[in-house]
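The structure appears right after this line, and notes come after that.
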């Protein structure tokens, strides 16, 4: 049995689940892996937009769950990158259109065909959340150094049963941590008591690339691209340290960038 | 899973739920002898996408409206993932919640939490250890009506998504404010939510987290872009500001931070909501690639 299905979840919305799913997926594919990204946010899908694949949707995960198409038909191949596929969510149906058992079967099928399956979970803890986690072996909990996001992450961690869960601390603003206006990554780790998979600085690059449907991880020259590569390698079990990237590279650059804007 | 709503046509279902709830419970908006009329305005703050600022808008708008002399209650409808109490700095005062009231374990007065600084501002917290499906639509509607009897303004902070929690937050409201950010995914979700609200409900739009320098660079949607896609009445534009993060983490209102642009924006929105004529600043033109994106998202409206 492969243990290669990860749900990307958070509790609170808008902390960066979809952005993390897209960029981690791209980074994994760039490392030569076969990757399937599943949008489980039925009715409010966005992973297709973030990947720039919205115009190519024919079938979706609800069609597959209900047997109206084959697995391959519901998967959209990303033409920019070998090995990256999207399974879009349905936009017109409500989340109760799919059952947990159906989602489990979808995850199981993808698990056999791909090296890594990432499931982008909807916000909240309702039916859509239970669907998204049903077929997952492990969880990646995305949070931000902010009280509300951490509280919701804590609540989610209690709902993942015995799944292993690792944290992505997103949108860290180093200058605010320094001035004491933001919790540090260490604080977040201490409060939630879980292992850190990745740390992503807050960067305006994300807004632009997301709006354009060009994930930042596609372009190695982008500031954040390396952050997702490190995250991907850690997910694959490599012992890569996160710290050097921050202290020597992006961290310093980002700080000067932010200070320069004042 | 909820048994009460099978949403194939969500708008009709909402309307149906509203009608049956009123019939079943005998809840009427007219005045009975000895009971004050439900004259308050119940406004749901919603968005579809999470993290666009619903809770921040609810807290700050509530604060600004209380300062404008209104009696205000802010209602957290995010059962299981409540945050309005933290954002308002009232989490240590929470004893009871809305489900306790609905399930008759306490009175409404026992569940309401009075704001520290403002006597005319109250919070009705959500249950944290329960599920959204536990909250009956009828109960929520009755509760909203009772709140409209006691308060001038009832602001309901809706959970993210479009499931049962969303329907619960909307069922007792007569007006809606949709919060979005100038990002393609937030605008898409806002459009979806606008279509799920009852069609006779007046809807206003707040565009949150505008970063003027990004708009100028052409990497962020402009206000005009967002309005072109959504075709909703704009009631305010709120600049992105780290004041909000600082205030939120401290449980303070950004409207209380002297000189904060964001705080000033919320005060103007409160004024507009009360019918004052306060102009909204206009920003610049869009870049060519966004023009293409907008044309592809825009669709004809009747």
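Packing, taken as the mean count of other beta carbons within 10 Å per residue, orders the peptides B:62-70, B:209-217 from highest to lowest as B:62-70, B:209-217.
Distance from the C-alpha centroid of the range A:57-105 to that of the range B:63-124: 41 Å, rounded to the whole angstrom. Among A:45-54, B:156-165, the peptide with the highest mean count of other Cβ atoms within 10 Å heads the list, and the full ranking is B:156-165, A:45-54.
Each distinct pair of alpha carbons in the range B:44-154 adds a 1/r term; the inverse of their mean, the Kirkwood radius, is 14.1 Å. Averaged over the residues of peptide A:121-132, the number of Cβ atoms from other protein chains lying within 10 Å of each residue's Cβ is 6. In the protein assembly as shown, the DSSP-assigned H stretches of four residues or longer account for a calculated mean residue ellipticity at 222 nm of -11500 deg cm²/dmol, using -39500 (n - 2.57) per stretch and the full residue count as denominator. Pull up the DSSP beta bridges for the protein assembly as shown and report the antiparallel fraction as a percent, rounded to 5. Counting DSSP beta bridges with both partners in the protein assembly as shown, the antiparallel share is about 5 percent.
Note on the range B:73-160: antiparallel DSSP beta bridges, both residues inside, total approximately 20 percent of the bridges counted.
So, R0 is 35 Å and r is the distance between the beta-carbons of residue A:163 and residue B:217; what FRET efficiency does that work out to, to 0.05?
It comes out at approximately 0.25.
A Förster radius of 45 Å combined with the Cβ-Cβ distance from residue B:261 to residue B:36 puts the calculated FRET efficiency at roughly 0.70.
Placing one equal scatterer on every Cα of the range A:53-171 and applying the Debye formula, the log10 ratio I(q)/I(0) at q = 0.13, 0.21 Å⁻¹ is -0.57, -1.27.
From the P(r) of the range A:5-261, can you give the percent of Cα pairs sitting at distances over 32 Å? Result: 17 percent of Cα pairs exceed 32 Å.
Applying 1/(1 + (r/R0)^6) with R0 = 45 Å to the Cβ-Cβ distance of residue B:231 and residue A:68 gives a FRET efficiency near 0.85.
Suppose we keep just the DSSP beta bridges with both residues in chain A; what percent of those would be antiparallel, to 5?
So the antiparallel bridges amount to about 5 percent of the total.
Peptide B:75-82 is shielded by partner chain Cβ atoms: per residue, an average of 4 of them sit within 10 Å of its Cβ.
Just the number, please: Stokes-Einstein D of the protein assembly as shown in µm²/s, Kirkwood Rh from C-alpha pairs, 4 °C, 1.567 mPa s.
54 µm²/s
More than 24 angstrom separation, counting every C-alpha pair in the range A:107-220; what % is that? Result: 36 percent of Cα pairs exceed 24 Å.
Would you mind giving the mean number of other chain beta-carbons within 10 Å of the Cβ of each residue in A:169-175, as a whole number?
On the way: counts 0, 0, 2, 0, 2, 0, 1.
If you average over the peptide's residues, the count of other-chain Cβ atoms is 1.
Cβ neighbours within 10 Å, averaged per peptide: list B:73-84, B:195-206 in order, most packed at the top.
Values: B:73-84: 27.6, B:195-206: 16.8.
The peptides rank, most packed first, as B:73-84, B:195-206.
Where a number appears in this text, it was derived from the coordinates with a stated rule and is not lab data. Given the structure is predicted, the values throughout are model-derived calculations rather than measurements. Cβ sites come from the backbone with ideal geometry, for glycine too, and all protein chains shown count toward neighbours.
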